[in-house]
Amino acid sequence: MKCSAFFAVHATLGSLQLASAMPHQVRADLDSCLNAARLSTDFPGSSGYASASLAFNRRFHYSPAAIVFPASDNDVAVAVTCANSVNLPVSARSGGHSYAAFGLGGHDGSLIVDLSKMKTIKVNSDQTATVQTGNRLGDIALTLFNSGGRAMPHGTCPEVGVGGHSGCGGFGLDSRLWGLLLDQALSAKVVLSNGTLVTASSSENSDLFWAIRGAAPSFGIVTEYRYKTYPAPPSNIIFTYSYTVSPTTASSIFSAYQDFAKASAPPTLGLQASIGTPKSGNKVSIALTGVFYGSKADFNTAINPLLAKVPQPQSTNIKTYGWLDSLQVLGGQGLNTTIIPDGSDTFFAKSLMVPQETPMTQASIKSFFDYIGNQGASSDTVSFPKLEQDFGH
Ligand SMILES: Cc1cc2nc3c(=O)[nH]c(=O)nc-3n(C[C@H](O)[C@H](O)[C@H](O)COP(=O)(O)OP(=O)(O)OC[C@H]3O[C@@H](n4cnc5c(N)ncnc54)[C@H](O)[C@@H]3O)c2cc1C
Ligand SMILES: *[C@@H]1O[C@H](CO)[C@@H](O)[C@H](O)[C@H]1NC(C)=O
Ligand SMILES: *[C@@H]1O[C@H](CO)[C@@H](O)[C@H](O)[C@H]1NC(C)=O
């Protein structure tokens, strides 16, 4: 899933909402509380406020009460305590890549705790990594690899923040091999809603540790994670088999892909199907693409059962990369987010999960591709969604 061109429908922009007025006294009290702790803050009207309150997904416009930029765990605790003292809701923002701008609260009037000043990343002597939650995935991958060739599983977009990504999942093509990013957490530092900083792990506040691995935004602000890491695979084979075919042929390719992913794809193979509609109607484009973590010989053994069940691809692309180069190719950009400034998009996205035990039936696959190739192609949305299906464990 490339960051620039993922499953997006470019819809019309929502209308810009005017800042909902915050009572003067609330603003003054919040300002003096944050100021007493010397926290840098953007209030409505300040020079940084307009850009700091922009959502990555420009369909959404929210006006936070203020955006505060803590530099330490204690600063985060102070910010939460200040918000409590004036009864304001709080939301953390890590990379800001929430599909629905939940890093801006998902509504007007929150105090946003922007973690972008908290960017420490350290690989410890026991090969665990300590990562503050202001970091983005690309910078984490770079630092881990440059500290003894280490790696972790996570999504492909370098600009996604670790706070949201690790708090709710974190799925990458390497997740069949290693799990989700949240599975790698060994412990976390968390500021609770009452402003108390605690450590959560399997032996300390274990119920909180369980809860933050999947629902972190509902339980606190994680300021730092300690993660398990892995030796980066030396050989990463990125492959794409592409077709532009009739809906019926696309259905049979997709069925073969689904059967293969369910029955015989090894964990070293990360796989996805990207489906789209070419300009000329009644055809569907489908690309079976992914990464194999291992040698060329083992890749051939792994992929041959799938290739035996699908037509000869119209185009094939297979290349072997080192770890960082493979991440860069998947992300479609460099990994250092200081050098590549954050982008934006305007999109609507929706996800459907199919349980492994009850995958899509032949009938549902057929009607899905018939729709994509017919009504889908003539849909009046500016660009019809590029659908992707990833297989987890
Ligand atoms: C272009 C793009 C590509 C993506 N690719 C993938 C992918 O390959 N795999 C995948 O699994 N997902 C992917 N995602 C989804 C992404 O993982 C989630 O949107 C994630 O929540 C973004 O994290 P963030 O920190 O950037 O977002 P934010 O908007 O900062 O935060 C998202 C949510 O988490 C909360 N939060 C943030 N930091 C913390 C914290 N420290 N403690 C507690 N709560 C916190 C926020 O309040 C908000 O509710 C992609 C998203 C985009 C926009
Ligand atoms: C990214 O580039 C900047 C500027 O060159 C550098 O200071 C920083 O250390 C780099 N980050 C990583 C994670 O390598
Ligand atoms: C905050 O909540 C936690 C968990 O309920 C509790 O242990 C702690 O004492 C509370 N702190 C304050 C300052 O009330």
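The values are calculated or read from the model by the stated rules, or taken from the named source; none is laboratory data. Quick caveat: nothing in here was measured; it's all calculated off a predicted structure. Cβ placement follows ideal geometry from the backbone for every residue including glycine, while neighbour counts extend to all protein chains displayed. Protein only, heavy atoms only, side chains kept; ligands, DNA and RNA dropped before computing areas. Shrake-Rupley method; radii C 1.70, N 1.55, O 1.52, S 1.80 Å.
Go through segment 171-200 and give me each residue that's under 21 Å from Gly95 (Cα atoms) and in a strand (DSSP E or B).
Answer for segment 171-200, where residues must be under 21 Å from Gly95 (Cα atoms) and in a strand (DSSP E or B): Ala185, Ser187, Ala188, Lys189, Val190, Val191.
Please go through segment 171-196 and give me each residue that is within 13 Å of Thr133 (Cβ to Cβ), within 16 Å of ligand 3 (Cβ to nearest atom) and not basic (Lys, Arg), ordered by number.
To start, the set of residues in segment 171-196 that are within 13 Å of Thr133 (Cβ to Cβ) comprises 181-182, 185, 188-191.
Now narrow it down to the ones that are within 16 Å of ligand 3 (Cβ to nearest atom): 188-191.
Result: Ala188, Val190, Val191.
In segment 45-68, what residues are open to solvent by 10 Å² or more (accessible area, probe 1.4 Å), of a type outside the set (A, V, I, L, M) and outside any loop (DSSP other than H, G, I, E, B)?
Of everything in segment 45-68, those that are open to solvent by 10 Å² or more (accessible area, probe 1.4 Å), of a type outside the set (A, V, I, L, M) and outside any loop (DSSP other than H, G, I, E, B) turn out to be Tyr49, Ser51, His61.
Which residues, counting only those in segment 141-171, are away from ligand 2 (no atom under 16 Å from the Cβ) and more than 25 Å from Gly220 (Cα to Cα)?
Looking only at segment 141-171, we keep the residues that are away from ligand 2 (no atom under 16 Å from the Cβ), and these are 153, 155-156, 163-171.
Within segment 141-171, Thr156 is the sole residue that qualifies.
Quick check on my filter: what residues within segment 200-244 are open to solvent by less than 50 Å² (accessible area, probe 1.4 Å), more than 24 Å from Leu324 (Cα to Cα) and over 20 Å from the mean Cα position of the chain (by Cα)?
Correct list: Ala200, Ser201, Leu208, Phe209, Ser242, Tyr243.
Inspect all residues belonging to segment 223-245 and state whether any of them is within 16 Å of ligand 3 (Cβ to nearest atom) and touching a Gly at 6+ places or on another chain (Cβ under 7 Å). Don't jump to the end; show me each part of the working.
From segment 223-245, those within 16 Å of ligand 3 (Cβ to nearest atom) are 223; that's our starting set.
Narrowing the set further to residues that are touching a Gly at 6+ places or on another chain (Cβ under 7 Å) leaves none.
No.
Which residues, taken from segment 82-125, are in contact with a helix residue (DSSP H, G or I) (Cβ under 9 Å, 6 or more places away or on another chain) and of a type in the set (Phe, Trp, Tyr)? Please lay out each step first, then the result.
Within segment 82-125, the subset in contact with a helix residue (DSSP H, G or I) (Cβ under 9 Å, 6 or more places away or on another chain) is 82-83, 85-98, 102-103, 110-115, 117-119, 121-123.
Result: Phe102, single match.
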